[in-house]
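This report concerns only the one structure given below.
The values are calculated or read from the model by the stated rules, or taken from the named source; none is laboratory data. Note that the structure is predicted; figures quoted are calculated from it, not measured. Counting neighbours? That spans all protein chains shown, and the Cβs are built from the backbone with ideal geometry, glycine included. The protein model used for the area step is the full one, side chains on, heavy atoms only, and it has no ligands, DNA or RNA in it. Shrake-Rupley method; radii C 1.70, N 1.55, O 1.52, S 1.80 Å.
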Amino acid sequence: MKIQSLGDMSLDEVFEAFRKAFADYEMQLNKDEHLAMLKRRGFDPALSFAAFDGDKIVSFTCNGIGDFYGIPTAYDTGTGTLKDYRGKGLATQVFEYSIPYLKETGIQEYLLEVLQHNTGAVSVYSKIGFEVTREFYYFRPENNQIRNEMKVIDFPYTIQPININEYDGIPTFWDFRPSWQNSIESVNRSLEGFACMGVFTEEKLIGYSVFEPASGDVTQIAVDKQYRRKGVGSLLFQKMLESNKYESIKVVNTDIRCDSITAFLKSKHIEPTGKQFEMIKKL
């Protein structure tokens with residue numbers, strides 16, 4: 001058994017290892033979806049590592065590399081071990097092997113998200129120094145479950161596509177900072193796949209959304225606090241539903257402490273599917 005970088009491996013080989021490692025999981029990704037996920041999350045093969053049995057990848061961690069609100073960060077965009085190789089501590093060995101290489105490039109922290117009901121993984125991450133920084137809800141309703149009742153907006157407005165990079169005030173709309181995969185940096189890695197809409201009154205942006213029609217992913221949605229409960233959020237949500245090409249939508253990593261987004265989704269008959277921990281280890 002040897003551990004080494006994925007820098008010399010093809011994306012097809014990485015996907016095949018991913019497919020085998022997650023074959024017994026409820027959610028499955030095809031190759032295109034997997035490649036899109038890696039691109040959006042900043043996958044860097046040279047700073048991702050795996051354990052090999054001969055030439056076969058048997059345990060791996062795909063790392064995304066970038067800044068997380070000003071801090072150079074590595075993000076665990078997928079850790080998996082083939083079924084016959086589980087219980088041997090390989091994922092921990094791969095992680096420990098990677099740390100000196102990440103530090104050498106200036107990475108200051110390691111970030112991941114883990115399902116709360118995956119108690120084994122949570123325990124392992126805690127033992128190797130990760131600490132819980134936030135708790136997230138995730139939602140995955142089928143399209144026919146959603147009830148988006150529309151209010152009549154009682155002031156002049158327009159809605160149109162926008163470039164989110166042209167509006168510096170967008171973060172002032174937020175009630176919590178987006179997670180790694182929902183951050184503006186992640187959106188910009190795959191901007192061509194997103195539909196970004198803005199609502200304006202008197203040429204002032206008062207609400208916006210970022211949506212990935214191919215996957216049904218509601219990446220960001222926020223409204224200026226002065227214009228909430230006036231129908232702006234529901235209008236943006238309706239535009240996302242109309243452009244959705246998937247059989248469901250997903251809203252991933254909303255901060256549990258943020259009552260406003262939870263209440264907004266519940267008003268659409270969208271209840272939480274489960275919870276995740278965001279965990280960070282300082283390097």
**Fill in**
Shape call for the chain, from the Cα gyration tensor axes a ≥ b ≥ c (a/c under 1.5 means rounded, otherwise prolate when a/b beats b/c, else oblate), comes out prolate
**Complete:** So the angle from the long Cα axis of helix 31-40 to the longest Cα principal axis of the chain, reported in degrees to the nearest 10, equals 80 degrees
**Message:** Checking the cross-link filter: which lysines have an alpha carbon closer than 16 Å to that of LYS225, excluding same-chain neighbours under 8 positions apart?
**Reply:** LYS204
**Message:** With θ taken as phi - 60° and the coefficients 6.51, -1.76 and 1.60, list the Karplus ³J(HN,Hα) couplings across the stretch 147-164 in order, rounded to whole Hz; mark glycine and proline as x.
**Reply:** 10, 9, 6, 9, 8, 7, 6, 9, 8, x, 8, 9, 10, 7, x, 9, 9, 4
**Message:** Just to confirm, what accessible area per residue do you get for the stretch 131-250 at 1.4 Å probe, in whole Å²?
**Reply:** 51 Å²
**Prompt:** Taking the Cα atoms only, what angle lies between the long axis of helix 11-21 and the longest principal axis of the chain, rounded to 10 degrees?
**Reply:** 90 degrees
**Item:** Integer Hz, Karplus 6.51/-1.76/1.60 couplings in order for the stretch 251-261, x for Gly and Pro
**Value:** 10, 10, 6, 8, 5, 4, 6, 8, 5, 5, 6
**Fill in**
Taking protein heavy atoms only, a 1.4 Å probe, and rounding to whole percent, the accessible area of the stretch 35-174 owed to carbon and sulfur comes out at 50 percent
**Asked** Taking GluC sites (Glu not before Pro) that fall in a DSSP loop and have at most 11 other Cβ atoms within 10 Å as cut points, what is the longest piece of the chain between them?
**Response** 27-148
**Asked** How would you classify the stretch 16-59 from its alpha-carbon gyration tensor, with a ≥ b ≥ c the square roots of the eigenvalues: rounded for a/c under 1.5, else prolate if a/b is greater than b/c, otherwise oblate?
**Response** oblate
**Asked** the stretch 63-143: which trypsin sites (Lys or Arg not before Pro) are DSSP loop and have at most 16 other beta-carbon atoms within 10 angstrom?
**Response** ARG86, LYS88
**Item:** Helix axis angle, 90-104 relative to the chain longest principal axis, alpha carbon, degrees
**Value:** 80 degrees
**Prompt:** Distance from the Cα centre of the stretch 9-58 to that of the stretch 110-159, in angstrom?
**Reply:** 23 Å
**Asked** Could you work out the helix-only [θ] at 222 nm for the chain, with each DSSP H run of four or more residues adding -39,500 (n - 2.57) and the total divided by the number of residues, to the nearest 500 deg cm²/dmol?
**Response** -7500 deg cm²/dmol
**Prompt:** Is the stretch 159-283 best put as rounded, prolate or oblate by its Cα gyration tensor, with a ≥ b ≥ c the root eigenvalues, rounded for a/c under 1.5, and otherwise prolate when a/b is larger than b/c, oblate when not?
**Reply:** rounded
